[in-house]
Every structure is written in structure tokens, then in C-alpha cells.
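I am attaching a structure below and will ask some questions about it afterwards.
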Amino acid sequence: MPHRFYGVSEPNLTVLFTEINKIRGLCLKKFHFKVSLLIASLWLSLISGVLAAGNAPDEPLVMTSGDGRFELYSDTNLDPKEAHAFLLTVQNAWNWLLETQQWVNPTLLDGQPVQLRLLDDDNAPSGGSGRGFTIALKRLYTLPDLTKGTVAHELNHVQDRRQTGNGVVPGFITEGRGLTNGFWYRYSLGLPPQPYDHALARSIANFTPEQMSDVVHRMQRGDVHDANDPKANARLEFGGAWFVEYLRTTFNGHGFPDVQPRLASVISEVHNGIPFEDAFKKVFGVEFSRVQDAFIAFVTNTEGTHRVKSMIWEGLIGKENRN
């Protein structure tokens, strides 16, 4: 999902305050000490005001969770029971993620409340950043089961991005984690596969090796934004999910059943300044390039239902969803 929220890019506080200190240092060389402190303070006040303006959603605050971890905003008059029910949905998904992901530092979510936006706009895309995420209100009523997975997906992104810090984790990895964790969370609740899952499985059946090679060799963070190829984001997200499931079930004949907590550990290592490929090798014990090559060979040599054998989409290709 895009690394922008409420139209404001996520601030890089480390870089920001480094620059403030540089300005203060220059002032110390040219001005009296007290004057330099005054100038630095003015800079800090100005930038803090900009950040504060970027932090607050346009919609009014409806409700805050009892632990203060989640803030719910909406552009419509939500019934208090509806608001509480949604916050409970979020908290339940968060508790599941805490148990299954085994993040090195889950308390990062407590540093700044997660801002949840429910919008009365059917076209509002689900997505967000390290600050929070947005969901169209209509989804709660028309796609309640799928929305539970979406909440887990987006919470996964929030925590991963806070874990990543200034490091870079490829977008197809973060989207792959989000999509597969959203599915597994729904599965843990006993919910049936959704039409979305069937569509994803059909896409996997039709992906070409060239398309998947493009996906798994794109090492930048975030989504693809290519106006000339509107399906590029779907390929990145779906291909990323397929890659994560391949890594869980198939790589080297047995896969890594604990792929999700391992990937969470990789992300924490990236936060510590280790490049993604080095962090991956440290946690998985194998070169990332070897997994990329093996995955493309797998895509090349399989088709149809064999592409999702033992994966979460097994049995969904070629079958109509009756739910």
C-alpha cells in the first residue's frame, strides 16, 4: 500500500532532527550562543507544527480503544455500538498478529496511536502507512468476513513499517505478508474462502515466469505505481503472496513452516541497519538470490493446480465460490 497517509508522507524523524542539529551547529559558529538557540528553537517549532498538521486526520475522532492504542475517525455519525464493535475487530486481529508474528519489539505500536479511518465513500481504497489505515464503511456491511482479513492485513503493515524504521524491505514481501496473514486470520476464525481468494488463485494460475521475475526482483519498498500498467500492483501483491507461500511450503522440498515470524525477524534486522538480503540470509540461512531463482524455476515448471499445491489456495482454482 502507498507510503502516504492523509496526503502527507511519513516524516523521517531521525533525518529531521539531524538537520536541526546541523542548523544549530552553523548558528553556533556565526551567532552568539543564545541567538543560536533561539534560531534552532524557531526551526523546531516550525517543523513540529508541520508534523502536527500532518498527523491529524480530517475526520473527527469518534472513539479511542480502552488501552489508548487505537483511535477511530470517521466522516459519518457512527453509532457508538458500531464504533466499539469495529475497535473490537481491530483489537482481536492485533492480538492474533501478536501471537503469530512474534515481532522482536511489538511495543512499537504503543509509541503513537494507530489511526483508523472509516469513510462513507464506496471508492475509498483500503490502505495506509505506519500511522494507520483507511477502510470504506460499506465494506463492514457488504464484505464483513473479508474485512476482518483486511484489518489483519493492514495492521500487519502498520507494525512492519514501524519495525522497519528507515530500512528498506521489498514491497512484494510486505504485501505478500499482509495478504497471506489476512487469509490465515480469517481461516483462524473459521471463515470460508472469499471470492477474492478465488480471484487470487486464478491469477496465480495465469502468471508468466517473466511477470513473476519482474515482481521478485523489484527490491524497492512500497507498491508499483505505473499508469501504463494498471495491473502492476495486483501482480506485485498477488505475486508477493505466492512467493511467501512458496517459501513456507515448497522451497528446498520442505519450505519454512514458520516463514511469518522469520520474515518479521528479517524486518527487525533491517531496522538495525542490515541490508535486506543480508538480514534474510542471517535469519533463513540461505541466500535470497537462491530463493528468487528457485521460485522462478518453480513458476516455469508448473501450471494450474500444481502451482498452489499445499498452499492456502489449494482447491480454489477451477472451482466456483458458493459462499
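The values are calculated or read from the model by the stated rules, or taken from the named source; none is laboratory data. This structure is a prediction, so every number in the text was calculated from the model and none was measured. Ideal geometry is used to build each Cβ from the backbone, glycine not excepted, and the neighbour counts take in all protein chains shown. Surface accessibility is based on the protein's heavy atoms, side chains included, excluding ligands, DNA and RNA. Shrake-Rupley method; radii C 1.70, N 1.55, O 1.52, S 1.80 Å.
Residues of the range 237-277 being acidic (Asp, Glu) and in a helix (DSSP H, G or I), which ones?
As a first pass, look at the range 237-277 and keep what is acidic (Asp, Glu): 237, 245, 258, 269, 277.
Scanning the range 237-277 gives 237, 245, 269, 277.
Between 305, 250, which is closer than 25 Å to residue 193 by Cβ, of a type outside the set (A, V, I, L, M, F, W, C), out of contact with any helix residue (DSSP H, G or I) (no Cβ under 7 Å at 6 or more places or on another chain) and open to solvent by 20 Å² or more (accessible area, probe 1.4 Å)? So that I can check it myself, show each step before the final result.
Numbers: 250 fails: out of contact with any helix residue (DSSP H, G or I) (no Cβ under 7 Å at 6 or more places or on another chain).
Just a single option satisfies the conditions, and that option is 305.
What is the one condition in (1) out of contact with any helix residue (DSSP H, G or I) (no Cβ under 9 Å at 6 or more places or on another chain); (2) farther than 19 Å from residue 268 by Cβ that residue 143 does not satisfy?
Looking at each condition in turn, residue 143 falls short on (1).
Given the structure, is residue 177 surrounded by 14 or more Cβ atoms within 10 Å (Cβ to Cβ), over 16 Å from the mean Cα position of the chain (by Cα), in a helix (DSSP H, G or I) and of a type in the set (D, E, K, R)? First the steps, then the outcome.
Working: surrounded by 14 or more Cβ atoms within 10 Å (Cβ to Cβ): yes; over 16 Å from the mean Cα position of the chain (by Cα): no; in a helix (DSSP H, G or I): yes; of a type in the set (D, E, K, R): yes.
So residue 177 does not fit the description; no.
A follow-up question, please. Any idea which residue in the range 222-237 is least open to solvent (accessible area, probe 1.4 Å), counting only those that are modelled with pLDDT of 90 or more and among the charged types (D, E, K, R)?
Ranking the qualifying residues of the range 222-237, first place goes to 237.
For (1) open to solvent by 40 Å² or more (accessible area, probe 1.4 Å); (2) touching a Pro at 6+ places or on another chain (Cβ under 8 Å); (3) within 17 Å of residue 213 (Cβ to Cβ), each residue gets a yes or a no:
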| residue | (1), (2), (3) |
| --- | --- |
| 239 | no, no, yes |
| 258 | yes, no, no |
| 261 | no, no, no |
| 272 | yes, no, no |
| 283 | no, no, no |
| 292 | no, no, yes |
| 298 | no, no, yes |
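Moving to a separate point now. Just give me the residues in the range 179-207 being in contact with a helix residue (DSSP H, G or I) (Cβ under 8 Å, 6 or more places away or on another chain) and free of Cβ contacts under 8 Å to residues at least 60 places away in the same chain, in sequence order.
Within the range 179-207, 182, 186, 189, 191, 196, 203 qualify.
Shifting gears a bit: Pick out the one residue from 152, 136 that is without any contact (Cβ under 8 Å) to a residue 24 or more places away in the chain, of a type in the set (A, V, I, L, M, F, W, C) and either buried (at least 18 other Cβ atoms within 10 Å of the Cβ) or touching a strand residue (DSSP E or B) at 6+ places or on another chain (Cβ under 9 Å) (or both). Before you say what the answer is, go through the steps one by one.
Values: 152 fails: without any contact (Cβ under 8 Å) to a residue 24 or more places away in the chain.
The match here is 136.
Sort through 168, 158, 151 and tell me the only one that's under 23 Å from residue 260 (Cβ atoms) and part of a loop (DSSP other than H, G, I, E, B). Give the steps one after another, and end with the answer.
Details: 158 fails: part of a loop (DSSP other than H, G, I, E, B); 151 fails: part of a loop (DSSP other than H, G, I, E, B).
Going through 168, 158, 151 in turn, the sole match is 168.
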